[in-house]
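Participant: Once you've had a glance at the structure underneath, I'll fire off some questions.
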Amino acid sequence: MTEIGIVALQGDVREHAHLVRSLGWKPHQVRLPEDLRDLDGLIFPGGESTTIARLADRFGLVEPLRQAITGGLPTFGTCAGMIFLASEVAESSQLVLGVLDATVQRNAFGRQNDSFEADLDVKGFDEPFHAVFIRAPWFGRVGKEVEVLAELDGHPVLVRQGTIVAAAFHPELTGDSRLHKMALSMGAA
């Protein structure tokens, strides 16, 4: 059975696990380095990126996560997870994994009360994807190897680089599993 790790330090772990199960895959919570063994994919959920980074550092996960991702493990980061994957956060010195060649602007669309939903045209999808943006970031810069899969107001909000897919929004809140399948099926047998 395909086993998908969900970094379970903080954030929308339960919601991602539900979508993983809906695809017939097994969710596995990742809190310690040994939890990364034998995974077919990895999810970084939305939540608070600085908290996720601090806890990952405290539990010795930072370098094992980098190694797993750069080693080719299919990885999907949403909102705060996207921020943690990036190489840089604008106007911040917060800890990031640096595995996605992009600069992220935190809370780019505004604060909590500026949260909204939008239908996105996603490259490769026949129908729009209904996206939920909550204190959402966007990509201010993407590297040459980064493919933009969707934009909103001229800003990249969904990208892919190799086996990494990152979204500025919360697909786990929609019940639509297409992005999870696209991002993680590279590791599915």
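Participant: Give me the percent of the accessible area of the stretch 120-161 that comes from carbon and sulfur atoms, probe 1.4 Å, all protein chains in place. If you can, show how the numbers build up before the last one.
Facilitator: Values: 980 of 2170 Å².
Whole-percent figure for carbon plus sulfur exposure: 45.
Participant: In addition: Kindly write out, for the stretch 164-172 in residue order, the coupling ³J(HN,Hα) from the Karplus curve 6.51 cos²θ - 1.76 cosθ + 1.60 (θ = phi - 60°), rounded to whole Hz, with x marking Gly and Pro.
Facilitator: Values per residue, Gly and Pro as x: 10, 10, 9, 10, 7, 10, 10, x, 5 Hz.
Participant: Can I ask one more? What value, in deg cm²/dmol to 500, does the helix sum -39500 (n - 2.57) over DSSP H runs of n ≥ 4 give at 222 nm once divided by the residues of the chain?
Facilitator: -6000 deg cm²/dmol
Participant: Follow-up question, since we're still on this one. Under 1.5 on a/c is rounded, so check that first for the stretch 90-136, then, if it is not, pick prolate when a/b is larger than b/c and oblate when it is not; a ≥ b ≥ c are the square roots of the alpha carbon gyration tensor eigenvalues.
Facilitator: oblate
Participant: Only loop residues by DSSP count here, and only those with at most 15 other Cβ atoms within 10 Å; note down the chymotrypsin sites (Phe, Trp or Tyr not before Pro) in the stretch 85-167 that meet that.
Facilitator: Qualifying residues, ordered by number: Phe125.
Participant: Just add up the charged neighbours of His28: K/R +1, D/E -1, any other residue whose Cβ is under 12 Å from the Cβ of His28.
Facilitator: Charge balance in the 12 Å sphere: -1.
Participant: Now a separate question. Under a 1.4 Å probe, what is the accessible area of the chain per residue, stated in Å²?
Facilitator: In whole numbers, the chain has 45 Å² accessible per residue.
Participant: While we're on this one: Take the Cα atoms of the chain, find their three principal axes, and give me the spread along each one in whole Å, biggest first.
Facilitator: 40, 38, 33
Participant: Continuing with the same structure: Which distance in Å, rounded to a whole number, links the C-alpha centroids of the stretch 37-108 and the stretch 110-189?
Facilitator: A separation of 15 Å, based on Cα centres.
Participant: Follow-up question, since we're still on this one. Grab the other residues whose beta carbon is less than 14 angstrom from that of Glu15, score K and R as +1, D and E as -1, and report the net.
Facilitator: Neighbourhood net charge equals -1.
Participant: Something else now. How far apart, in nanometres, would the label points at Thr70 and His130 be if each is projected 7 angstrom from Cα along the Cα-to-Cβ direction?
Facilitator: Each label point lies 7 Å from its Cα, and together they span 4.1 nm.
Participant: Within the accessible area of the stretch 20-90, what % is carbon and sulfur when the probe is 1.4 Å and the other protein chains stay in place?
Facilitator: Working: 1300 of 2890 Å².
The C+S portion of the solvent-accessible surface of the stretch 20-90 is 45 percent.
Participant: With label points built 7 Å along Cα→Cβ from the Cα atoms of Lys123 and Ser87, find their separation and express it in nm.
Facilitator: Computed distance between label sites Lys123 and Ser87 equals 1.7 nm.
Participant: Related question: Tell me, in nm to one decimal, what length is gained between Leu32 and Leu55 on full extension, where the rule is 0.36 nm per residue of separation less the Cα-Cα distance?
Facilitator: Full-extension gain reported as 7.3 nm.
Participant: A follow-up question, please. Could you work out the Kirkwood radius for the stretch 22-77, taking every pair of different alpha carbons, averaging 1/r and inverting it, reported in Å?
Facilitator: Values: mean 1/r = 0.0833 Å⁻¹.
Over the stretch 22-77, the inverse of the mean reciprocal pair distance is 12.0 Å.
The values are calculated or read from the model by the stated rules, or taken from the named source; none is laboratory data. None of these values were measured; they are calculated from a predicted model. A quick note on method: Cβ atoms are made from the backbone with ideal geometry, for glycine too, and the neighbour counts reach across all protein chains shown. For the accessible areas, the whole protein counts, side chains as well, though only heavy atoms, and no ligand, DNA or RNA atoms are used. Shrake-Rupley method; radii C 1.70, N 1.55, O 1.52, S 1.80 Å.
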